[in-house]
Amino acid sequence: MDVRRRPTSGKTIHSVKLKSVEDESAQKPSDALPLPLYLINALCFTVFFYVVYFLLSRWREKIRTSTPLHVVALSEIAAIVAFVASFIYLLGFFGIDFVQSLILRPPTDMWAVDDDEEETEEGIVLREDTLKLPCGQALDCSLSAPPLSRAVVSSPKAMDPIVLPSPKPKVFEEIPFPTTTTIPILGDEDEEIIKSVVAGTIPSYSLESKLGDCKRAAAIRREALQRITGKSLSGLPLEGFDYESILGQCCEMPVGYVQIPVGIAGPLLLDGKEYSVPMATTEGCLVASTNRGCKAIHLSGGATSVLLRDGMTRAPVVRFGTAKRAAQLKLYLEDPANFETLSTSFNKSSRFGRLQSIKCAIAGKNLYMRFCCSTGDAMGMNMVSKGVQNVLNFLQNDFPDMDVIGLSGNFCSDKKPAAVNWIEGRGKSVVCEAIIKGDVVKKVLKTNVEALVELNMLKNLTGSAMAGALGGFNAHASNIVTAIYIATGQDPAQNVESSNCITMMEAVNDGQDLHVSVTMPSIEVGTVGGGTQLASQSACLNLLGVKGASKETPGANSRVLASIVAGSVLAAELSLMSAIAAGQLVNSHMKYNRANKEAAVSKPSS
Ligand code: ADP
């Protein structure tokens, strides 16, 4: 539950009662005497009933003897005082709490734990995920009630979330969350909506459109989710995020956001410019290792990149009655004479999507057409899909027997390991190289050229061949690709093909220096569209100087970003390979992933 606090000293839960909406410092009459509670209660009951009996008998005696009632003896005064005192005690102990708990303020917090239990911190942690209402029951009001714990049994209405007594979730207001997660105050009106979502009468997905307030929708959905699942989302922040910015394009039904730290590697000296590379990761050593590689590159005069190809692909699958008909369409599509007609059709849906080529493959009477187009600064999946749809519509005139099975037929190939991307390329194909001076290899990378060349041959080339690798002729390209993708708002799922990479190392200058290169045929990145426009991701793109669309040359920003990815991979490959060559692997992991945070550079997993 968002608003709960865990006690710092485990013993008593009373002061930090999770369900507590009462003032935890409130004193009870029973606190006045240093006796066990049951003794005080027994004493007060005895005194109360005894003095009542005593006073009533005295009263009857006076009536019988015609003595005025206001004439009282000392014993009667003492009895009256005792009566008043015990009455006040009993009223204070039972009366007020009873009225409050049963009539005025029923325990409606479904996360509540029993007040009178003493509990350890561990117990509280375990209980945090224990919902009083069984999971799923809230969705089906017809279910009979299974046994509940005391807190709920005392309030049978709590069994049915729809008829819960209107509980203003005061916990939201009264217990401050100790991190950046300040829970918004949900009012009575919100409580009604939460109950409806829990009951299934309002679909969770419709909250944004119904409320017109994305943050409020997320807060309500989140609370409903916790009640339905019985699982706490404490720790998943809600505050500090612009929920409007993801509506309709980045994420549906949000309940918060995950925090991933962003580290900076660099400066990466690439093509004569310096870049500070943002990497979002939770893997210790990764940024430090990449940073070390950047240093080695910088001290050696920098790296150089070349963009070999730039085109996003989409490959629909169509079916004909015969293989012959499928082949006829293949020939038609691959005939240069038809390209202009096809590209006119393809290009009409975007200013930036420009058809480059169509490559076909046949499987029986099924035809796979791999369209490739430039996409400006966008990664381009939407763009290429729209263009392909235009062409399919156009082809339907000349090939009316063409049966479109799917706009994507996996020959594209998106987010799956595939040789076609490794061989033909997808997105940006980049090669990046550097010559690392021998003394830098020794002083910064703590190894030597010969050892690196040998390790690269046996690990990245031979070892990967032995493993039957597909585009995986590298040490850990995907580490860097994924970290930069998350930081800059790329589609992290495209790390599959974007991490295709062959790392080459060779001794040059009479064996003194090291030539190192990474060849990456399918880096899929964009600086517009998708997650790139979100505040954090946009800030990271801004840091690299590639935010948004390039004003001078459409596509220039995304191409530079692809080069930075390759350059960073180059740096990280250098560092990891050096660490392995120098036998630092175990030591550096101990330094960064365990206790000693002051230790020097190490390496990530490969
Ligand atoms: P994707 O195709 O990568 O999914 P989107 O279609 O979501 O990307 O975003 C691309 C959008 O950005 C298109 O509407 C396009 O017209 C617009 N846009 C503006 N400037 C550029 C640019 N320089 N390069 C590519 N697209 C651009």
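The values are calculated or read from the model by the stated rules, or taken from the named source; none is laboratory data. Keep in mind that this is a model prediction, so the values were computed, not measured. Note that each Cβ is placed from the backbone with ideal geometry, even for glycine, and that neighbours are counted across all protein chains shown.
Which condition number does Arg354 fail, the rest of (1) without any contact (Cβ under 8 Å) to a residue 40 or more places away in the chain; (2) basic (Lys, Arg); (3) away from the ligand (no atom under 16 Å from the Cβ) being met?
In the conditions (1) without any contact (Cβ under 8 Å) to a residue 40 or more places away in the chain; (2) basic (Lys, Arg); (3) away from the ligand (no atom under 16 Å from the Cβ), Arg354 misses (3) alone.
Hey, among the residues in the range 490-530 that are farther than 22 Å from Gly463 by Cβ and buried (at least 24 other Cβ atoms within 10 Å of the Cβ), which one's nearest to the ligand (Cβ to nearest atom)?
So, considering only residues that are farther than 22 Å from Gly463 by Cβ and buried (at least 24 other Cβ atoms within 10 Å of the Cβ), the one nearest to the ligand (Cβ to nearest atom) is Gly526.
Does Gly380 satisfy being on the phi > 0 side of the Ramachandran plot and touching a helix residue (DSSP H, G or I) at 6+ places or on another chain (Cβ under 8 Å)?
No; evaluated as a whole, the condition is false for this residue.
What about Gly545, is it at pLDDT 95 or above, small (Gly, Ala, Ser), more than 9 Å from the ligand (Cβ to nearest atom) and within 14 Å of Pro278 (Cα to Cα)?
Numbers: at pLDDT 95 or above: yes; small (Gly, Ala, Ser): yes; more than 9 Å from the ligand (Cβ to nearest atom): yes; within 14 Å of Pro278 (Cα to Cα): yes.
Against the criterion (at pLDDT 95 or above, small (Gly, Ala, Ser), more than 9 Å from the ligand (Cβ to nearest atom) and within 14 Å of Pro278 (Cα to Cα)), Gly545 qualifies.
When only residues in the range 74-110 that are among the β-branched types (Val, Ile, Thr) and modelled with pLDDT under 50 count, which is nearest to the chain's Cα centre (by Cα)? Before you say what the answer is, go through the steps one by one.
Here is the first cut: in the range 74-110, the ones among the β-branched types (Val, Ile, Thr) are 77, 80-81, 84, 88, 96, 99, 103, 108.
Subset that is modelled with pLDDT under 50: 99, 103, 108.
Numbers: Val99: 44, Ile103: 42, Thr108: 30 Å.
Among those residues, the one meeting the criterion is Thr108.
Can you find a residue that is within 16 Å of the ligand (Cβ to nearest atom), at pLDDT 95 or above, aliphatic (A, V, I, L, M) and touching a Gly at 6+ places or on another chain (Cβ under 7 Å) anywhere in the range 240-250?
no
Which numbered condition trips up Trp422, out of (1) among the aromatic types (Phe, Trp, Tyr); (2) part of a loop (DSSP other than H, G, I, E, B); (3) more than 25 Å from Gln328 (Cα to Cα)?
Evaluating Trp422 over (1) among the aromatic types (Phe, Trp, Tyr); (2) part of a loop (DSSP other than H, G, I, E, B); (3) more than 25 Å from Gln328 (Cα to Cα) leaves (2) as the failure.
Assigned to a loop (DSSP other than H, G, I, E, B), under 35 Å from the mean Cα position of the chain (by Cα) and touching a residue at least 12 places away in the same chain (Cβ under 8 Å) - does that describe any residue in the range 503-510?
no
Using the structure shown, decide if Arg314 is farther than 16 Å from Val569 by Cα and either over 22 Å from the mean Cα position of the chain (by Cα) or surrounded by 23 or more Cβ atoms within 10 Å (Cβ to Cβ) (or both).
Answer is yes for this residue.
Within the set of pairs 6 or more residues apart or between chains, which connect a residue that is closer than 19 Å to Glu223 by Cβ inside the range 242-261 to a residue that is loosely packed, with under 14 Cβ neighbours inside 10 Å with Cβ atoms less than 7 Å apart?
Between residues of the range 242-261 that are closer than 19 Å to Glu223 by Cβ and residues that are loosely packed, with under 14 Cβ neighbours inside 10 Å, the close pairs are Glu252/Tyr205; Met253/Tyr205.
Just one of the numbered conditions (1) part of a helix (DSSP H, G or I); (2) over 30 Å from Met504 (Cα atoms) is not true of Gly409; which one?
(1)
Conditions tested, residue by residue: (1) touching a strand residue (DSSP E or B) at 6+ places or on another chain (Cβ under 7 Å); (2) at pLDDT below 95; (3) over 16 Å from Val525 (Cβ atoms).
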| position | (1), (2), (3) |
| --- | --- |
| Cys412 | yes, no, yes |
| Asp439 | no, no, yes |
| Pro492 | no, no, no |
| Glu497 | yes, no, no |
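Mind listing just one residue for me: the one in the range 197-232 that is under 17 Å from the mean Cα position of the chain (by Cα) and of a type in the set (A, V, I, L, M, F, W, C) and, of those, farthest from Ile246 (Cα to Cα)?
Ranking the candidates gives Leu225 first.
Name the residues in the range 354-389 that are over 14 Å from Leu333 (Cβ atoms), part of a helix (DSSP H, G or I) and of a type outside the set (Gly, Ala, Ser), would you?
Correct list: Met381, Asn382, Met383, Val384, Lys386, Gln389.
Looking at (1) within 16 Å of the ligand (Cβ to nearest atom); (2) free of Cβ contacts under 8 Å to residues at least 24 places away in the same chain; (3) not aliphatic (A, V, I, L, M), find the lone condition where Lys386 falls short.
Single failed check for Lys386: (2).
Conditions tested, residue by residue: (1) part of a strand (DSSP E or B); (2) surrounded by fewer than 18 Cβ atoms within 10 Å (Cβ to Cβ).
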| position | (1), (2) |
| --- | --- |
| Leu236 | no, yes |
| Leu268 | yes, no |
| Thr290 | no, no |
| Ile297 | no, no |
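Can you confirm whether Asn421 is touching a residue at least 12 places away in the same chain (Cβ under 8 Å), within 16 Å of the ligand (Cβ to nearest atom) and among the polar types (S, T, N, Q)?
Criteria not met by Asn421.
When the residues of the range 551-565 are narrowed to those that are touching a residue at least 60 places away in the same chain (Cβ under 8 Å) and more than 13 Å from Asp310 (Cβ to Cβ), which ends up farthest from the ligand (Cβ to nearest atom)? Step through it out loud before you land on a result.
Our first condition is that a residue be touching a residue at least 60 places away in the same chain (Cβ under 8 Å); within the range 551-565, this holds for 554-559, 561-565.
Checking which are more than 13 Å from Asp310 (Cβ to Cβ) leaves us with 564-565.
Details: Ile564: 17, Val565: 16 Å.
If we take residues in the range 551-565 being touching a residue at least 60 places away in the same chain (Cβ under 8 Å) and more than 13 Å from Asp310 (Cβ to Cβ), then Ile564 is farthest from the ligand (Cβ to nearest atom).
Among (1) in a helix (DSSP H, G or I); (2) within 15 Å of the ligand (Cβ to nearest atom), where does Phe394 come up short?
Of everything listed in (1) in a helix (DSSP H, G or I); (2) within 15 Å of the ligand (Cβ to nearest atom), Phe394 misses just condition (2).
Quick check: is even one residue across the range 373-380 surrounded by 17 or more Cβ atoms within 10 Å (Cβ to Cβ) and under 30 Å from Ser575 (Cα atoms)?
Yes, the range 373-380 contains a residue that is surrounded by 17 or more Cβ atoms within 10 Å (Cβ to Cβ) and under 30 Å from Ser575 (Cα atoms).
Contact list please: Cβ distance under 6 Å, first residue in the range 525-541 and within 15 Å of Gln259 (Cβ to Cβ), second residue small (Gly, Ala, Ser) and surrounded by 19 or more Cβ atoms within 10 Å (Cβ to Cβ), pairs at least six apart or on different chains.
Leu534/Gly489; Gln537/Gly489; Gln537/Gly531; Cys540/Ala487
Can you tell me which residue among Arg370, Arg426 is charged (D, E, K, R), buried (at least 18 other Cβ atoms within 10 Å of the Cβ), away from the ligand (no atom under 16 Å from the Cβ) and within 35 Å of the chain's Cα centre (by Cα)?
Answer to the check: Arg370.
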